[in-house]
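Trainee: Attaching a single structure in structure tokens format; questions to follow.
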Amino acid sequence: MAKAPTTRIDRLLSSLGYGSRTDIARMARAGDIVLDGVRLRDVTRRIPLTPDLPACMVVDGAPLDPLPGLVVLLHKPLGMTCSHKEDGPLVYDILPARWQHRNPTISTVGRLDKQTSGLLLLTDDGDLLHRIISPKRHVQKTYRVTLARPLNGNEAALFAAGDLMLAGEDKPLAPAALDVVSDTEALLHITEGRYHQVRRMFAATGNHVEALHREKLGNLSLPDDLAPGDWTLLREDQIALIFQGG
Ligand code: URA
């Protein structure tokens with residue numbers, strides 16, 4: 001089996017946002033870094049970067065934060081934004097403050113509008129992020145849409161045709177599937193992520209989206225017991241669901 005790469009403890013903790021290397025040395029002197037039950041003094045020591053490290057190391061009385069390669073599944077609440085360019089609180093503020101100082105940095109996987117709720121991923125794994133949002137992968141996103149006016153009945157055919165052109169664009173949308181739930185509610189399955197895509201698709205039918213909630217990404221569903229504003233870390237087998245079926 002290949003040996004795990006090693007890293008200097010001060011470099012690792014600094015890259016996880018615990019502070020500068022000087023801060024880390026100070027924390028060690030205060031006895032705040034414990035490895036395998038032993039207070040660690042020499043922060044220049046190299047240790048193997050194994051997945052079980054967060055279970056063996058305690059920093060400031062808590063288990064070490066997740067190592068690089070983390071994937072967060074967040075139930076995005078209404079009213080929070082994914083972009084620094086928009087006004088309002090950011091989804092990043094929901095995560096531990098220290099995580100904003102991590103390197104590699106954590107980004108949202110695509111974006112949801114401020115007034116859209118539901119499944120949002122955040123990761124520091126750039127390759128994974130690009131695999132999920134790449135149009136070539138056709139990862140399906142499922143949205144529950146609540147409409148201001150009753151469906152007119154031709155939306156499913158219109159969206160499935162693959163020739164709907166949104167205002168101001170020069171390339172038609174890829175085919176999308178619609179499951180009607182009621183007169184004013186539907187599940188829409190799309191494989192692209194254009195700006196305000198779902199709202200603009202229904203605007204093109206003369207309707208207006210009142211509420212929008214993302215329920216699924218590929219075969220990965222937002223867990224029923226994850227309340228708005230709550231988040232969890234994904235395991236490898238859960239990440240794999242993103243690329244399955246749809
Ligand atoms: N489509 C939209 O219109 N808004 C979102 O947040 C996501 C998809």
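Trainee: Given the conditions (1) assigned to a loop (DSSP other than H, G, I, E, B); (2) in contact (Cβ under 8 Å) with a residue 12 or more places away in the chain; (3) surrounded by fewer than 14 Cβ atoms within 10 Å (Cβ to Cβ), report the number of the one that Asp87 does not fulfil.
Mentor: Just one mismatch for Asp87, condition (2).
Trainee: List every residue pair whose Cβ atoms lie under 6 Å apart, where the two residues are 6 or more positions apart in sequence or sit on different chains, the first residue falls within the stretch 1-26 and is part of a loop (DSSP other than H, G, I, E, B), and the second residue, located anywhere, is open to solvent by 50 Å² or more (accessible area, probe 1.4 Å).
Mentor: That search, which allows pairs on different chains as well, returns Ala4/Pro48; Ala4/Leu49; Pro5/Leu49; Gly17/Arg98; Gly17/His101.
Trainee: When you look at His101, is it more than 19 Å from Asn219 (Cβ to Cβ), away from the ligand (no atom under 16 Å from the Cβ), open to solvent by 70 Å² or more (accessible area, probe 1.4 Å) and free of Cβ contacts under 8 Å to residues at least 24 places away in the same chain, yes or no? Steps first, answer last, please.
Mentor: On the way: more than 19 Å from Asn219 (Cβ to Cβ): yes; away from the ligand (no atom under 16 Å from the Cβ): yes; open to solvent by 70 Å² or more (accessible area, probe 1.4 Å): yes; free of Cβ contacts under 8 Å to residues at least 24 places away in the same chain: no.
Against the criterion (more than 19 Å from Asn219 (Cβ to Cβ), away from the ligand (no atom under 16 Å from the Cβ), open to solvent by 70 Å² or more (accessible area, probe 1.4 Å) and free of Cβ contacts under 8 Å to residues at least 24 places away in the same chain), His101 does not qualify.
Trainee: Which residue out of Val181, Val209, Val198 is within 28 Å of Met80 (Cα to Cα), at pLDDT 95 or above, hydrophobic (A, V, I, L, M, F, W, C) and open to solvent by 50 Å² or more (accessible area, probe 1.4 Å)? Let's see the steps before the verdict.
Mentor: Values: Val209 fails: open to solvent by 50 Å² or more (accessible area, probe 1.4 Å); Val198 fails: open to solvent by 50 Å² or more (accessible area, probe 1.4 Å).
Unique residue meeting the criteria: Val181.
Trainee: Here is a list of conditions, (1) within 16 Å of the ligand (Cβ to nearest atom); (2) in a loop (DSSP other than H, G, I, E, B), and His189 meets all of them except one; can you say which number that is?
Mentor: (2)
Trainee: Still on this model: Filter the stretch 50-66 for residues that are of a type outside the set (D, E, K, R) and without any contact (Cβ under 8 Å) to a residue 24 or more places away in the chain and give the result. Show your work before the answer.
Mentor: Of the stretch 50-66, the ones of a type outside the set (D, E, K, R) are 50-51, 53-59, 61-64, 66.
Across the stretch 50-66, the qualifying residues are Pro51, Leu53, Pro54, Ala55, Cys56, Ala62, Pro63.
Trainee: Looking at the stretch 197-204, can you tell me whether even one residue there is more than 9 Å from the ligand (Cβ to nearest atom) and either touching a helix residue (DSSP H, G or I) at 6+ places or on another chain (Cβ under 7 Å) or closer than 21 Å to Gly79 by Cβ (or both)?
Mentor: no
Trainee: How about the stretch 146-165: which of its residues are open to solvent by 30 Å² or more (accessible area, probe 1.4 Å) and in contact (Cβ under 8 Å) with a residue 24 or more places away in the chain?
Mentor: Thr146, Ala148, Arg149, Pro150, Leu151, Asn152, Asn154, Ala156, Leu158
The values are calculated or read from the model by the stated rules, or taken from the named source; none is laboratory data. Here the structure is a predicted model, which means the values were calculated and not measured. Cβ sites come from the backbone with ideal geometry, for glycine too, and all protein chains shown count toward neighbours. The area values use the complete protein model at the heavy-atom level, side chains included, leaving out ligands, DNA and RNA. Shrake-Rupley method; radii C 1.70, N 1.55, O 1.52, S 1.80 Å.
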